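Accompanying notes for the structure given below.
Each value in this text was obtained by applying a stated rule to the coordinates, not by laboratory testing. Keep in mind it's a predicted model, so treat the numbers as computed, not measured. Please note: Cβ atoms are built from the backbone with ideal geometry, for glycine as well, and neighbour counts cover all protein chains shown.
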């Protein structure tokens with residue numbers, strides 16, 4: 001049986017993610033993405049009319065993948081709480097160096113609604129975790145610590161050592177139960 005061929009939108013998003021990883025999201029060019037995806041620039045613009053829309057598509061794709069990974073983590077752990085699965089899934093991501101976040105400001109300037117899917121996803125995630133825990137205080141501590149780590153990483157302002165990161169993650173997992 002033949003493997004399903006990725007549609008052009010999926011190929012473009014995969015190519016954009018590769019280019020962004022290699023050059024940084026701020027250096028992402030539509031020409032480079034179209035070239036990598038094997039589509040014309042017109043084909044890229046048909047799917048993503050602006051660079052900001054392409055960046056928004058990347059963010060939405062990342063959120064979808066994160067949600068799928070969280071579901072898989074919860075299913076694999078069985079006895080582990082959804083909060084512990086969230087902490088565990090986020091642990092490595094929060095310490096991996098991220099490219100400069102300057103592209104976010106450009107995307108927001110071009111499209112003020114750029115952050116809407118991120119806010120919506122985080123709200124839904126928080127509400128889900130809240131519905132699956134009976135300890136709101138522990139959820140708040142874990143959720144805000146993870147989001148703080150993400151922000152420090154994104155804005156290249158992480159002040160914690162590797163040992164401090166490990167201690168924090170161990171503490172969050174203990175809190176998450």
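See the values below:
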{"quantity": "On Cα atoms only, tilt of 162-176 relative to the major axis of the chain in degrees", "calculated": "70"}
{"quantity": "Order of 169, 152, 55 - criterion: other Cβ atoms within 10 Å of each residue's Cβ, fewest first", "calculated": "152, 169, 55"}
{"quantity": "Using a Förster distance of 30 Å, the FRET efficiency for residue 150-residue 40 (Cβ separation, nearest 0.05)", "calculated": "0.25"}
{"quantity": "Relative contact order %, the stretch 1-88, counting alpha carbon pairs below 8 Å whose residues are six or more apart", "calculated": "23"}
{"quantity": "The chain: equivalent-ellipsoid semi-axes (sqrt of 5 x gyration tensor eigenvalues, Cα, Å)", "calculated": "32, 19, 15"}
{"quantity": "Value at 222 nm in deg cm²/dmol, rounded to 500, when DSSP H runs of n ≥ 4 in the chain each add -39,500 (n - 2.57)", "calculated": "-23500 deg cm²/dmol"}
{"quantity": "Helix axis angle, 136-154 relative to the chain longest principal axis, alpha carbon, degrees", "calculated": "40"}
{"quantity": "Over the stretch 51-176, relative contact order from alpha-carbon pairs under 8 Å, at least 6 apart, %", "calculated": "38"}
